Structure formats: structure tokens, C-alpha cells
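Read the structure below first, then the notes.
The values are calculated or read from the model by the stated rules, or taken from the named source; none is laboratory data. Given the structure is predicted, the values throughout are model-derived calculations rather than measurements. Every residue, glycine among them, receives a Cβ derived from its backbone with ideal geometry; neighbour counts consider all protein chains shown.
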Amino acid sequence: MFWADELAASATGRQVVNDSKTPSGTVHVGSLRGPVVVDTIARALRHAGVTVELRYGVDDLDPMDAQALLTPDAIERFMGVPLSAVPDPEGDCHWSYARHFAGVFIDTFDGLGIRPDTYYWMSEVYASGVMDRYIRTALDAAATIREIYRRVAKVNHPDDWHPLSVICESCGRIGTTIVTGWDGERVRYECRAGLVTWATGCGHSGETSPFGGRAKMPYNVDWAAKWDLFGVTIEPAGKDLSTAGGSRDRADAIAREVFGNEPPLNVPYEFLNIGGKKMSTSKGLGASAQKIADVIPPEQLRTLFLRPKPNTAIEFDPDGTDAIPRLFDESDRLAAATDGRQVRGELPADHERVFTYSLVEPDADVAAEAATYRPAFSHLALLEQIPGVDLVERVSAEKGAPLTDRERAIVDERRAAARAWLEAYAPERARLAVQRDALPAAAAEADDDQRTYLAALAPALEAVAWNGEALQAAIFAKATERDLPAGRAFAALYLAFLGRTSGPRAGWLLAALDRGFVLGRLREAGT
């Protein structure tokens, strides 16, 4: 059973699924895994007949700590200030740094079919006063929370430490303040110059009321309070938060022992890595979610996150590789298998559910979508680079029937993605310029065996169906017949058509060209 369906089968009563993000910089594509996971859980629950609310929050009262994303003067002025109070670095398009980066990220949701029932901003939640009772409870239970930190995470706070950060009345920073006392209505605090390494406090000290948005609880305490406030029953968390003694364990203990509520079900999920390294929002590392969403259509982007189970790390490096074409191929295999067609390679046992949840619209006709003709992405990327090709006409011919409106939409979507991929990510071997006017000078590099192979290939292709798969098979078959290693056979073809020894899949390259031109060029190169 697919993991989300299994979870939904055990759920009883109304469910509240929650996720949130700290918008400390350009949000990378890996951060979409959490929203896709929670959306899939919500879909599975609804499919099982369970009433569910999906919530998504922005932790914009967190302090600014992303030095790499600020100008030198802004670092001095805004490090440690709540993200909701840091100006938009792009000008006036949003009223804060948090609204800018969270907004750009959230803008990708709808296209992916992720449509939370409720969005919330923690700066507004605190300012409304609904967190005040949790602040009071946490301050009253400061000793208990210190003990939880020691017991669960082996983190030792001094006896005068209290679980709260106040917005300094002098400099406006929240990341540099520490609360040292609480009398039941007001707190004593200090804004320390050396409290953290990434911001410098102003040295102010004083007393203030901690309520009405003037302070924020530390992450673990804040998390447990939100669960109780919103009635959260399911909240997945990333691997970094779910380690033994980590943030999730601390929040679970605080929920039970301080706020008196059972923590929600956790569904830990792994990172999406680029080159084996975890992406980082605050350090600006990794391809942005917005940029990737411009290249990878929603169905394939959802497939990227749903093909492996949540607790499996995903290695994804789009730059200069075939990662994006391979993702399209995998998505197409899932569709074909769901439609009952034979596919090569291993598929997950629950491939039909993976395909179902990869669809953007939760109420889509799965059978109709699976049966829809989907031209190979690599083939479209190749056709896009050949002048004079009527791409829709060519795809229709390869399908063997006119395209439906849905199929035309898929072609348009993939053409746009192919152009973006070629411009931003494609390896050099995927970029090509077929030399039509004359046999490339580099073709002279082919040896006698390669030339006789090309000459023999021409008549072999005359009766072959003019599509990539059939031509690729014929190319291999003729190389095997002549005892020519496949690498040398393909190199000969690329020299004859591209003037270099490497290129895209040869069968699809030839299929994109006119049959008469291909046969003539093979005969010419084979002399």
C-alpha cells in the first residue's frame, strides 16, 4: 500500500495537517518536498473519506540570520531583526523580506496543486494575542523546559534562562536578546553583543510585557504551542528536525509536559541533495524552487518527490546532466504502466498510486491521464533545435493520430520546459546543430570500419519505421552485425550529422530529420 494511503487508513476523526517554513532567503527546490508530502497526506485522507484541514504557515517572526543574502550595510542594520521587519531586498514589491521570499515560494504551490485551506503568518499570530497564554505557560514552566532540554537534547541553559526572545526596544533585534527574569506580567531581558555569532546586540537591558507580538518563544516551544493552538494532528518534519534528541523530540516533550497535549503524528522525510550536499535556504545553496518550477512541469516535479518514500534521500543535480530528461522518462513510465502498457525496468509496487498523486488536480481522471500520449522530453528537446520542423505535426505523425486538446497542452508544456532546460541546464552533448548544407569536415576522422558501417546502415534504415525507438534498434543491430562496438558506431553517426563524436540519442536524432536527407548523408559519409 502507498505510504500516504496506509497513513490515511489508520486515521480517525477530523485531521489537521500542518507545515511551515522560515523564509530566510531564496527558497530552494528541496523545500518543496515538505509541501508535496503534506498535500499528498491531505489528498489520501480525503480519498479515505476523512475530514481534513491543510494549513501552511510562515515563521516570519524568526530573526534574520542569512548574511550571504544581504548587502554589507544591511548586515549591520538587520541581522537579528525579525524577518517580518526586514525590508524587501528587491525594492517595494513586498512590504518585508519575509513576504518577498515566502511569497515567491508560495506562488509555486498552486501550479503544483498544493492548495492549503489556511495560510498563516506567525508575526500576525503573535500580534493577535492568541499566543499570549502559551507564552505565560512557558515562562511559568521555565524550569521544566530547561530540564527537558537537558534530558532530551543534552542542552544546558543557565538557571535564569527563560524560553522567550523579546524584540529589543532599543535596536529592534530579536535574535540577540535573552530573558533572565519573569514576575508574572513582565520580563527582564538583555540585548547582548555576543549572544550569537551572526548578529550583534546593542547592549540594552530592561523590562517589558512579553505579550501582543513583542516576543517569541524559541522554536521547539513555539512548535509545541502551535500544535495545541491549531489542533494539529499530523505534521511531517525533515530529517534534520527528526533526529534523536532533535527539535521534534524536544517539541514532543514540551507538548506533553508543559502544554498538556499529545503531539501530532510525525512523517519524517529526507533531504533532496545536489551533488550529495543538502541545500540551504539561509545560505542560498541549491536551485531555487521558482527557477526549477519554470523548467520542470508540475506533474514531473511532484513525481520527483513522490517516487521514493519520504524517508529516502533524493539525489538531484539538474545542472549539466540528464537529471531532468530522466525525470520525464520516469514520469512517462509511471503513466504507461498505469495504463497497462509494458514498460522497461523496475517499477514501484504502488506505481499507480504514485502516478495518481503526481497529477496536479486531485480529482483528475486517472485512467484518461494515463492513456494520454506523452512525447519523450529528450525527443522534443532535440526537435526544438532543428530548424524548419513542424513539431506538432511531427508529434502527431509519431502518435499516428491527431493530438487531443490535453495532448497539445502537454506538448506546449514540454516544449517550454525543453527550451528552458536547453538554456539553463542541458549538458553540451544535448545541444546540437545539424550540419545540413554539407558533410562536416570532422567526418573525415571516421576510419574505414566506421565508414563502411554508415554505408551499410543506409539500406537497413530504408524499410524501418521512422521513429526513435525503431531507428535506435536498427542502429544497434547493424553495429552488432558488423562487429563494430556501439560507441564507435554512434561516434560515426554523430560525426556525419553533427561534426563531433557525441550527441543525443542517435535514433531520435535521425527520426527528427527527413528520411531522404538521412539516407543520403549516410551514403555520402560512407564513401
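Observations
- Criterion (on the phi > 0 side of the Ramachandran plot and either in the same structural domain as Arg173 (by TED's automatic domain parsing) or out of contact with any Gly (no Cβ under 9 Å at 6 or more places or on another chain) (or both)) met by exactly one of Gly34, Gly30, Gly57, Gly80: Gly80
- Of the residues Val187, Val232, Val221, the single one that is over 37 Å from the mean Cα position of the chain (by Cα) and either under 22 Å from Ile148 (Cβ atoms) or outside the structural domain of Tyr119 (by TED's automatic domain parsing) (or both) is Val187.
- In the range 25-37, the condition of being under 19 Å from the mean Cα position of the chain (by Cα) and of a type in the set (Lys, Arg) is met by at least one residue.
- Count of the range 365-377 residues which are surrounded by 14 or more Cβ atoms within 10 Å (Cβ to Cβ) and more than 20 Å from Pro402 (Cβ to Cβ): 2
- Flag for Ala85 being surrounded by fewer than 19 Cβ atoms within 10 Å (Cβ to Cβ), assigned by TED's automatic domain parsing to the domain that holds Asp183 and more than 16 Å from Pro218 (Cα to Cα): no
- Test: Ile148 is in contact with a Phe, Trp or Tyr (Cβ under 9 Å, 6 or more places away or on another chain) and crowded, with 19+ Cβ neighbours inside 10 Å: no
- Note on the range 486-527: among residues that are of a type in the set (Ser, Thr, Tyr) and within 21 Å of Ala426 (Cα to Cα), the one that is surrounded by the most Cβ atoms within 10 Å (Cβ to Cβ) is Tyr494.
- Considering the range 89-143, the qualifying helices (runs of 4 or more DSSP H), each wholly inside and each with 3 or more residues that are among the β-branched types (Val, Ile, Thr), run over 97-111.
- Residue ranges of helices (runs of 4 or more DSSP H) in the range 411-527 with at least 1 members among the acidic types (Asp, Glu): 448-461, 468-481, 515-525
- When the residues of the range 346-364 are filtered to those that are within 17 Å of Arg307 (Cβ to Cβ) and of a type in the set (D, E, K, R), the one that is surrounded by the most Cβ atoms within 10 Å (Cβ to Cβ) is Arg353.
- Pairs, first touching a residue at least 60 places away in the same chain (Cβ under 8 Å) in the range 389-413, second not in a helix (DSSP H, G or I), C-beta under 8 Å, six or more apart: Val389/Ala512; Arg394/Ala512; Glu398/Pro375; Glu398/Asn467; Glu413/Pro297
- Residue satisfying all of: in the range 263-285; touching an Asp or Glu at 6+ places or on another chain (Cβ under 9 Å) and assigned to a loop (DSSP other than H, G, I, E, B); modelled with the lowest pLDDT among these: Ser282
- Pairs meeting the criteria (first residue in the range 433-451 and assigned by TED's automatic domain parsing to the domain that holds Leu422, second residue part of a helix (DSSP H, G or I) and exposed (fewer than 13 other Cβ atoms within 10 Å of the Cβ), beta carbons under 6 Å, at least 6 apart or on different chains) are lacking.
- If the condition is being of a type in the set (S, T, N, Q) and over 15 Å from Pro375 (Cβ atoms), then the range 403-449 contributes only Gln435.
- The residues on offer are Glu185, Glu147, and the sole one that is within 17 Å of Glu257 (Cα to Cα), modelled with pLDDT of 95 or more and among the charged types (D, E, K, R) is Glu147.
- Scanning the range 487-526 for residues that are closer than 10 Å to Val434 by Cα and without any contact (Cβ under 8 Å) to a residue 40 or more places away in the chain gives a single hit, Tyr494.
- Residue in the range 104-117 that is closer than 30 Å to Asp183 by Cβ, among the hydrophobic types (A, V, I, L, M, F, W, C) and touching a residue at least 60 places away in the same chain (Cβ under 8 Å) present: no
- Any hit, the range 67-77, residues being touching an Asp or Glu at 6+ places or on another chain (Cβ under 9 Å) and surrounded by fewer than 18 Cβ atoms within 10 Å (Cβ to Cβ): no
- Enumeration of residues in the range 242-257 that are assigned to a helix (DSSP H, G or I) and either among the hydroxyl-bearing types (Ser, Thr, Tyr) or surrounded by fewer than 19 Cβ atoms within 10 Å (Cβ to Cβ) (or both): Ser242, Ser247, Arg256, Glu257
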